[in-house]
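Beneath this line is the structure, given in structure tokens, with notes to follow.
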Amino acid sequence: MSNALKSLNENEVQSLTNALPLIAILIGKADNTLDVKELDLAKKITHIRTYNSPEYLQAFYEKVEEQFEPLLAKFNSELPEDAALRGETISGKLAQLNPILAKLHPKAGAFLYRGFVRFAQEIAKASGGFLGFMAVNPEESKWVKLPMINPVEYEDQENGDEEE
């Protein structure tokens, strides 16, 4: 695993690995249907992050990509069918990322945090709206900013790699 995550134990790394599939379900199934556009986009973004992330996180994102579909299927079958209960359950799981992100170097923590939020926003926009307007439905809007995860701030002026 990358040096960026060396301060974490195996369970903590797995919790971070679980985040993208959980976010995909949280946002994609907020309206009770994870449609093909949302699923395809989630897979595509996960793949893009294997090569379009800082080098110190590429191995992590390779692991995420490898586990994404099996984890998505596992969580999809284990989580409650009721959208409100499912949302609260996933929210609780994602809130457990707060102490994990806090253990990381702020640069890595901030990059992961911003990546999780952007991922949620992209999934929310994937299948809604008309010509890009009103793309986020009311069910998704409750979760799209991932309010259960505390923001991690870091500004790297020299390297400019705060963006994905």
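The values are calculated or read from the model by the stated rules, or taken from the named source; none is laboratory data. Quick caveat: nothing in here was measured; it's all calculated off a predicted structure. Counting neighbours? That spans all protein chains shown, and the Cβs are built from the backbone with ideal geometry, glycine included.
For the criterion of being of a type in the set (Lys, Arg) and exposed (fewer than 15 other Cβ atoms within 10 Å of the Cβ), residue 74 passes.
If only residues of the range 19-33 that are buried (at least 21 other Cβ atoms within 10 Å of the Cβ) and not small (Gly, Ala, Ser) are counted, the one that is farthest from the chain's Cα centre (by Cα) is 29.
Identification of helices (runs of 4 or more DSSP H) wholly contained in the range 39-120 with 1 or more residues that are at pLDDT below 95, among the acidic types (Asp, Glu) and under 19 Å from residue 155 (Cα atoms) yields 55-78. Scanning the range 6-38 for residues that are more than 30 Å from residue 81 (Cβ to Cβ) and part of a helix (DSSP H, G or I) gives a single hit, 10. In the range 82-114, what count of residues is obtained for those that are out of contact with any helix residue (DSSP H, G or I) (no Cβ under 8 Å at 6 or more places or on another chain) and either of a type outside the set (D, E, K, R) or free of Cβ contacts under 8 Å to residues at least 12 places away in the same chain (or both)? So the answer is 11. For the range 141-164, enumerate the residues that are modelled with pLDDT under 75 and of a type in the set (Asp, Glu). Result: 156, 158, 161, 162, 163, 164.
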